[in-house]
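FYI, it's all coordinate maths here, none of it is from the lab. No experiment lies behind these values; they were computed from the predicted model shown. FYI the Cβ positions are ideal-geometry reconstructions off the backbone, even for glycines, and counts take in every protein chain you see.
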Amino acid sequence: MTDKPGPTLRAQWLGQQLHELRAATGLKLKDVGEVLQRDGTTIGRFESGEYPIRQSDLVALLDFYGVSTKRKRDALLRLHDDAWRTDWWDDQFDDAVFDPRFVDYVWLEQRSTNIFAFDTTAVTGLVQTERYARAVIDAAEPTASADQIERWVQLRMARQEILSRSEPPRLHLVLDEAILRREVGDEQVLGEQLVHLRRLAARPNVELRVLPFRVGAHICPYGPFRIFQMADPYPEVGYVETLAGSLYVEPPKTAKFVAAYDGLRKAALTQQRSIELITAIVQNLE
């Protein structure tokens, strides 16, 4: 039996904004509830992101709290629209196959203007070839059925469509050199993946750097992580994944993620040298 998923990140962000507005007035939950003709428990659920607030109620609260600037009101209304918005990926998420909490990750990818990724064992999912993705997932999920694996692979391929948009996000990658040499699938699968990386690196919105073995100990021995940067009103988000689950981090804690990525980027090869290394490895595989 799976745990009931908590509120989405975007619902939590909206709830936090509502909580801060109420706190600034010094009012209690029951006081605000009287304005909307709701009980205090319902207002608390609005603020925790557990329960969706209707747009009419949100507008009433903005009026009550004295939020009059157009920019602030528009930002909160836009956040409201996104908090409970569904998209193509929602149809993909079957609780029996996918962790429902992963919907936040897909949503962050879709919304980001900049995505930063550091990887140590496998190429990040956004740039994996289908055969490479299938090999990675098959190894990571030894008890999964063939149907589950196929659905995971197809979702991963669908996520990559953001890179082909007319205005795609900027993708910044630092890959440990071990990734380029680890035989995922077989030599042919690895070679195909490396050629794909080299092709993507030619795009203006993709920066690819390799952290070579010679660097040795470095600023981030903790493993892979992501940083998602989005337009207002959304905060910067850091992401790490562990055997115990995933963790989403917001400012000011994301500063450590940014500092780690900057340090890794400086220690890594230039993009040109990285492409040359990838080319040399591909030639050795042929």
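Taken one residue at a time, the phi angles of segment 49-59 give Karplus couplings (6.51, -1.76, 1.60, θ = phi - 60°) of x, 6, 9, x, 9, 5, 4, 4, 5, 5, 4 Hz. Gly and Pro are set to x.
Among (i) 72, 41, 36; (ii) 54, 40, 40; (iii) 56, 39, 36, only one was calculated for this model; which label is it, if the read-out is Cα extents along the principal axes in Å? Here Cα extents along the principal axes in Å agrees with entry (i).
Springs join every pair of Cα atoms under 10 Å in this Gaussian network model of the chain, and among PRO233, PRO212, PRO142 the largest mean-square fluctuation is at PRO142. 3J(HN,Hα) along segment 106-117, derived from phi through the Karplus expression 6.51 cos²θ - 1.76 cosθ + 1.60 where θ = phi - 60°, amounts to 5, 4, 4, 4, 5, 8, 6, 9, 9, 10, 10, 9 Hz, with x in place of Gly and Pro. Each Lys or Arg adds one and each Asp or Glu takes one away; over the other residues whose Cβ falls under 10 Å from the Cβ of LEU36, this sums to -1. Other residues whose C-beta falls under 12 angstrom from the C-beta of GLN17 contribute a net charge of +3, scoring Lys and Arg +1 and Asp and Glu -1. For the pair MET157 and GLU250, what calculated FRET efficiency results from E = 1/(1 + (r/R0)^6), where r is the Cβ-Cβ distance and R0 = 35 Å, to the nearest 0.05? The value I calculate is 0.75. Rounded to whole numbers, the Karplus 3J(HN,Hα) couplings from phi for segment 23-30 are 4, 5, 8, x, 7, 8, 4, 5 Hz, using 6.51 cos²θ - 1.76 cosθ + 1.60 with θ = phi - 60°, and x at Gly and Pro.
Available extension along the chain between LEU243 and GLU20 is 76.9 nm, counting 0.36 nm per residue and deducting the alpha carbon span. If you count Lys pairs in the chain whose Cα atoms are under 28 Å apart, skipping same-chain pairs closer than 8 places in sequence, the total is 9. Among 223-230, 53-60, sorting by the average number of other beta carbon atoms lying within 10 angstrom of each residue, highest first, gives 223-230, 53-60. Model label sites at ILE281 and ASP262, defined 7 Å from Cα along the beta-carbon direction, differ in position by 2.8 nm. Helix 70-83 axis versus longest C-alpha principal axis of the chain: approximately 70°, rounded to the nearest ten. Across segment 88-285, the relative contact order, built from alpha-carbon pairs under 8 Å that are at least six residues apart, equals 25 percent. Site pair ALA140 and ASN205 shows an inter-label distance of 2.3 nm when each label is modelled 7 Å from Cα along Cα→Cβ.
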